[in-house]
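See below for the structure under consideration.
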Amino acid sequence: MSISPEYVAARRVLLDAVAALGEHRDTLVLVGAQAVYHHTGDADLNVPLLTTDADFAVNTANLQDSPEIGSLLRRAGFTPGVNPGHWVNTGDIAVDLMVVPHQAGTTSSTARAARMPPHEKLTARIARGLEPALIDNAYVSISALDPNDDREFRLRVAGPAALLTAKAVKISERLQQAERQPGRLQAKDALDAFRLFQAIETNDLVAGFASHQVESEARAVSAEAIEIYREHAASPGGSIVRLAATAAQDDPTIPPSFAALVTALLSAL
């Protein structure tokens, strides 16, 4: 497996954060690229696994008041970044804490920070798309990628269908913003979605999406994600498909493969 040094460092910082937040560990669900790579490995692509941060959804339904999260992270060497939920260590590697809108403690459409008193106001940011991850997850062992680091923790990792949902919502939002904020559209997100489609059996994805139906917020955002893939990834010329190919150095095999895998899922759902 081809792993970049940045990914090794990001995994080290992920473990630092998990160790620091030990008493809140059951509320954390690993999402983002590190969760994707847990499920996929390198997925037979000539692109190294690369991520420079760690992302967690925080399930505030089970969150205890004490110990205070900001204090724990500061003691572990993290400082709050400019944006809510963005915690940076001394090596400038970040851990992002995110809360879904219906758990965010505010109904303001402009709010960016979740309200989780007595935890400080900027502890976590509000993020749509992670709703399924709160129910579609499983405990797994996550270990260091550095051979000199023997740490290993059991923590919740979002399932493939939950990760595909989060990626779809994120990419769709970025596509809508692309004209005025082109720098926010990351082709890597589309390639991560392709990795999941390529590595996970269609029947397993169907079962994952079915599990989202038990909760109303997860059901709604999951259905939205499926429509996003239908619109932007069910043909070789789709926006998400083209982004994935770009991230893989214009690999000509990706567009037809990606579209075929999405079509197979849509047919099976």
Please determine, in degrees from 0 to 90 and to the nearest 10, the orientation of helix 187-199 with respect to the longest principal axis defined by the Cα atoms of the chain, where the helix direction is its Cα long axis.
70 degrees
Just to verify a number: FRET efficiency for Ser216 and Tyr139, C-beta to C-beta distance, R0 = 30 Å, to 0.05?
0.75
Nearest 10 degrees is fine. How inclined is helix 216-232 to the longest principal axis of the chain, computing both from alpha carbons?
40 degrees
Net charge within 11 Å of Ala20 by Cβ-Cβ distance, Lys/Arg positive one each and Asp/Glu negative one each, not counting Ala20 itself?
+1
What length, rounded to one decimal in nm, is gained on full extension from Glu120 through to Ala19, with 0.36 nm per residue of separation minus their alpha-carbon distance?
34.4 nm
Debye calc, one equal point scatterer per Cα of the stretch 5-158, no solvent, log10 I(q)/I(0) at q = 0.15 1/Å comes to -0.75
Which of the GluC sites (Glu not before Pro) across the stretch 199-269 are loop residues per DSSP, with 14 or fewer other Cβ within 10 Å?
Glu201
For the stretch 160-268, place one equal point scatterer on every Cα, skip the solvent, and apply the Debye formula. What is log10 of I(q)/I(0) at q = 0.09, 0.13, 0.22 Å⁻¹?
-0.21, -0.43, -1.18
Quickly work out the Val47-to-Leu269 label distance, labels modelled 7 Å from Cα along the C-beta direction, and quote it in nm with one decimal.
2.2 nm
So how far apart, in nm, are the two label points at Gln176 and Glu224 if each is 7 Å from Cα heading toward Cβ?
0.7 nm
Starting from the Cα of Val8, step 7 Å along the direction of its Cβ; do the same at Ser235; then give the gap between the two resulting points in nm.
4.5 nm
Going by alpha carbons, how many degrees (0 to 90, nearest 10) lie between the helix axis of 160-177 and the longest principal axis of the chain?
80 degrees
For the stretch 15-37, list residues with backbone N below 19 Å from a point placed 7 Å from the Cα of Asp204 toward its Cβ?
30-37
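No lab work stands behind these numbers, since they all come straight from the coordinates. Owing to the predicted nature of the structure, the values given are computational and were not obtained by experimental measurement. Note: ideal-geometry Cβ built from the backbone for every residue, glycine included; neighbour counts use all protein chains shown.
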